[in-house]
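Asker: One structure, as structure tokens, below. Some questions next.
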Amino acid sequence: MSIQVGLDSEIGTLETVVVHTPGQEIENMTPDTASEVLYDDILSLNLALREHRQLKGVLEQVARVLEFKDLLRVVLDSDSIRAALVNELCTLYQCPELIDVLVELSSADLASRLIEGTPKRPVSLEKYLDSSRYAIPPLPNTFFTRDATMCLNDRVIIGSMAYKARMAEALLLKAVFKYHPDIVSGGFYFDGTDRRDSEVTIEGGDLLVIRRDLAVIGYSERTSVAGIDRLMRAIAGQGPVRNFIVVEIPKTRATIHLDMIFTMVDRDQCVVFPPLITGARRSRAFHCRFDDPERATIREYDGVLPALADLGLDLEPISCGGDDEFQQQREQWASGANYFAFGPGRILGYAHNGYTLEALARANFNIASAEDVIAGRRPLTADEKVVVSMDGAELSRGGGGCRCMTMPLARQPLAAE
């Protein structure tokens, strides 16, 4: 059955989505190595799995859910692709001594090894003395499937990751989208693994698809202005997107991506972190219009909401953390603004952000628990506004929310709904 790429909004009814169920890579971290893979702490795999099952269980009620590792395994069935990918990863991590061992593994075992980590072989004194256990490190960020790959209309964008710890994710996902026999797309807008320029970084948490002709991009800790310029030109050169709103956000751990402070939840509503979106210190925004793919016409705005309003999209902001600035800070840190829409006004987020849920309830969203939805005790009707709340205290310690953990491939065109 073909897997068609087609996505022209953040909120159109979800058809196909990719997730990655956390595995042994989570437990192949220690307190000493956590920072190397961009974690503040180590996670419990059992707790993370319990919570992630709720995410996947809800999504399976409403859409086709694909596991990243299953997609990768199919790609690795090809001897030539397996050999090329192993060579590329062993070159990246300077461990050519592992090539012969890895290419002989079964597709399933190799997929696991590349995600969970490949132990080093101490073939030199330098490698013997290296404190790391792994030649190819574990990829504990893989369950944040959003960041290394993005879909826009019928095409794919491969991220140019800000840190080496996540480069392997981009290479693995590139192989999936380039070689999987069932995936159908219009090709790549941009491949960030082609030229590893340290000035060019682009990650998926910073790209929001608003309309077929409009995208919003975060200029953040993980996405550089050089990367944004290159990405906008690449997209504008192929169309149909000609309008981009670029939002300059603080380069801090709490705001690593735009979707940590701004997500779409309905046609005319968004969840926001007020200090940076609606407050006195709100982030400035720039409308970049490309009538010529090589030249942008740029206009500066006092925030993303006025910029979107000028392009015909008036949004009602719903405050992460409610009206209390103290709670806004706490819940934003716990991914309280990071919602994933599986349809217009139908969203998924963390239950522990209670003040945000109350704000959504005041904005006429009904609240349903993930466990009730999965068990069939709480049906989801197409015409209701609803937020499904799932457990996520452990997952959020990894630094992301429900949008971060989902990579939608296809939604129904918004205009048709």
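Asker: With a sphere of radius 13 Å drawn around the Cβ of PRO138, what net charge do the other residues whose Cβ falls strictly inside it have (Lys, Arg +1; Asp, Glu -1)?
Answerer: Once all neighbours under 13 Å are counted, the net charge is -1.
Asker: Mind ranking 209-217, 138-146 by how tightly packed they are, going by the mean number of other C-beta atoms within 10 angstrom, highest first?
Answerer: By packing density, highest mean first, the sequence is 138-146, 209-217.
Asker: Please give the helix 167-179 orientation as an angle from the longest Cα principal axis of the chain, in degrees from 0 to 90, rounded to the nearest 10.
Answerer: Computed tilt is about 90 degrees.
Asker: Return the subset of LYS69/LYS127; LYS69/LYS251; LYS69/LYS178 for which the Cα-Cα distance in this structure is over 27 Å, preserving the input order.
Answerer: Checking Cα-Cα distances, LYS69/LYS127; LYS69/LYS251 exceed 27 Å.
Asker: What's the exposure ranking of ARG289, ARG222, ARG242, going from fewest to most Cβ atoms within 10 Å?
Answerer: Values: ARG289 15, ARG222 26, ARG242 18.
Going from sparsest to densest Cβ surroundings: ARG289, ARG242, ARG222.
Asker: Pop out the Kirkwood hydrodynamic radius of region 335-380 from its pairwise C-alpha distances, inverse of mean 1/r, in Å to one decimal.
Answerer: Radius from the Kirkwood sum: 11.2 Å.
Asker: Note the angle between two axes, namely the Cα long axis of helix 107-116 and the longest principal axis of the Cα atoms of the chain, as a number of degrees from 0 to 90, rounded to the nearest 10.
Answerer: Once rounded, one gets 70 degrees.
Asker: Once you've got the GNM for the chain with C-alpha springs shorter than 10 Å, pick whichever of THR30, THR21, THR263 has the biggest mean-square fluctuation.
Answerer: Among THR30, THR21, THR263, the largest mean-square fluctuation in the Gaussian network model of the chain belongs to THR30.
Asker: Looking only at region 223-261, which residues have a backbone nitrogen under 18 Å from a spot 7 Å from the Cα of GLU294 in the C-beta direction?
Answerer: 229-239
Asker: Here's another thing I want to ask about it. Nearest 0.05, what FRET efficiency do ARG195 and ALA83 give at R0 = 22 Å with Cβ-Cβ as r?
Answerer: Efficiency for this residue pair is about 0.45.
Asker: For region 181-252, what proportion of DSSP beta bridges, expressed in % and rounded to the nearest 5, is antiparallel?
Answerer: Given both bridge residues lie in region 181-252, the antiparallel proportion sits at roughly 40 percent.
Asker: Run the helix sum for the chain: -39,500 (n - 2.57) per DSSP H stretch of 4+ residues, divided by residue count, reported at 222 nm to the nearest 500 deg cm²/dmol.
Answerer: Computed ellipticity for the chain at 222 nm equals -8500 deg cm²/dmol.
Asker: While we're here: Working from Cα positions, state the angle (0 to 90°, nearest 10) between the long axis of helix 225-238 and the longest principal axis of the chain.
Answerer: That helix lies at roughly 80 degrees to the long axis.
Asker: Next up: Report the normalised scattering of region 74-178 as log10 I(q)/I(0) at q = 0.13 Å⁻¹, calculated by the Debye formula with identical scatterers on the alpha carbons.
Answerer: -0.48
Asker: Taking the beta-carbon count within 10 Å as an exposure proxy, list ASP8, ASP79, ASP372 from fewest neighbours to most. Show your work: numbers first, answer last.
Answerer: On the way: ASP8 22, ASP79 9, ASP372 13.
Ranking ASP8, ASP79, ASP372 by Cβ neighbours within 10 Å, fewest first, gives ASP79, ASP372, ASP8.
Asker: So what's the net charge close to THR263: Lys and Arg +1, Asp and Glu -1, counting the other residues with Cβ under 9 Å from its Cβ?
Answerer: With Lys, Arg at +1 and Asp, Glu at -1, the net is -1.
Asker: Could you list LEU258, LEU409 so that the one with the fewest beta carbons within 10 Å of its beta carbon is first and the one with the most is last?
Answerer: LEU409, LEU258
Asker: Now for a different question. If you add up the charges near ASN28, with Lys and Arg at +1 and Asp and Glu at -1, over every other residue whose beta carbon is less than 10 angstrom from its beta carbon, what do you get? Please report the intermediate quantities before stating the final value.
Answerer: Details: positive: ARG133; negative: GLU25, GLU27, GLU116.
Around ASN28, the surrounding residues sum to -2.
Asker: In whole Hz, with x marking every Gly and Pro, tabulate ³J(HN,Hα) for region 374-389 from phi via Karplus 6.51 cos²θ - 1.76 cosθ + 1.60, θ = phi - 60°.
Answerer: 5, 6, x, 6, 9, x, 9, 9, 5, 9, 9, 8, 8, 10, 8, 9
Asker: Quick one: Debye curve from the alpha-carbon atoms of the chain only, equal weights, vacuum; give me log10 I(q)/I(0) at q = 0.06, 0.07, 0.08, 0.11 Å⁻¹ to two decimals.
Answerer: Rounded to two decimals, the profile gives -0.23, -0.31, -0.41, -0.79.
Asker: Could I ask something else about it? How big is the gap, in Å, between the Cα center of region 292-325 and the Cα center of region 26-80?
Answerer: For region 292-325 versus region 26-80, the Cα centre distance is 33 Å.
Asker: May I ask for the distance between the Cα centers of region 96-114 and region 159-228, given as a whole number of Å?
Answerer: Rounded to whole Å, the Cα centres lie 25 Å apart.
Read-outs: derived from the displayed coordinates by stated rules, not from any lab. On a predicted model such as this, the values are computed, not experimentally measured, just so you know. So basically every Cβ, Gly included, is an ideal-geometry build from the backbone, and we count neighbours across all protein chains shown.
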